[in-house]
Amino acid sequence: MCVFCKIIAGEIPSKKAYEDEDVLAIYDINPQAPVHIVFMPKEHLLTCADDIRPENAEIIGKIFAAISKVAKDLGLKDGYRIINNCGAAAGQTVMHIHFHLLAGKADMSERMV
Ligand code: AMP
Ligand code: ZN
């Protein structure tokens, strides 16, 4: 089982930022910005954005709707960045598709993950 599946199963503790039937968002254990939350589908379906196909539209749409809701709830009115690392060479370490929400750095043009 991957580390995110263990978190979803409750085998590894996490600080939840959002949860519904299909989506979980947790605060990153090694934050790269003042706000750093990772959004994932509860089902281990895809590895990264490169795997997304039209039939995955519903779950991907739900993840992005959750990102938008959390950003609004946290008052991220100055903007935020969403990152998907696709592949080990791009820095991906957990092979369960997820999107990083990063915010709160003064210089948002700087690469953060
Ligand atoms: P990536 O490098 O894009 O695959 O992102 C994986 C992210 O998961 C990294 O930013 C890690 O810091 C984060 N991470 C790994 N294990 C945990 C954990 N147990 N709880 C919270 N975040 C984690
Ligand atoms: Zn998984």
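Points worth noting:
- Residues of region 16-30 satisfying the condition of being within 8 Å of ligand 1 (Cβ to nearest atom) and in a loop (DSSP other than H, G, I, E, B): D28, I29, N30
- Residue check for K42: in contact (Cβ under 8 Å) with a residue 24 or more places away in the chain, out of contact with any Leu (no Cβ under 9 Å at 6 or more places or on another chain) and surrounded by 13 or more Cβ atoms within 10 Å (Cβ to Cβ): no
- Residue check for A90: within 10 Å of ligand 1 (Cβ to nearest atom), of a type in the set (G, A, S) and out of contact with any strand residue (DSSP E or B) (no Cβ under 6 Å at 6 or more places or on another chain): yes
- Among residues of region 1-21, those that are under 19 Å from M95 (Cβ atoms) and in contact with a strand residue (DSSP E or B) (Cβ under 7 Å, 6 or more places away or on another chain), counted: 4
- Taken over region 1-15, the criterion of being in a helix (DSSP H, G or I) and touching a Lys or Arg at 6+ places or on another chain (Cβ under 6 Å) is satisfied by I8 alone.
- Answer from D73, D78 - the residue that is modelled with pLDDT of 95 or more, away from ligand 1 (no atom under 16 Å from the Cβ) and open to solvent by 30 Å² or more (accessible area, probe 1.4 Å): D73
- Failed item, numbered, when F4 is tested on (1) within 8 Å of ligand 1 (Cβ to nearest atom); (2) open to solvent by 40 Å² or more (accessible area, probe 1.4 Å): (2)
- Cβ pairs under 6 Å, 6+ apart, first in region 1-14 and touching a residue at least 40 places away in the same chain (Cβ under 8 Å), second open to solvent by 60 Å² or more (accessible area, probe 1.4 Å): C5/H44
- Of all the residues in region 45-56, those that are part of a loop (DSSP other than H, G, I, E, B) and open to solvent by less than 30 Å² (accessible area, probe 1.4 Å) number 2.
The values are calculated or read from the model by the stated rules, or taken from the named source; none is laboratory data. On a predicted model such as this, the values are computed, not experimentally measured, just so you know. Note: ideal-geometry Cβ built from the backbone for every residue, glycine included; neighbour counts use all protein chains shown. Accessible surface is based on the protein model in full, side chains and every heavy atom, while ligands, DNA and RNA are left aside. Shrake-Rupley method; radii C 1.70, N 1.55, O 1.52, S 1.80 Å.
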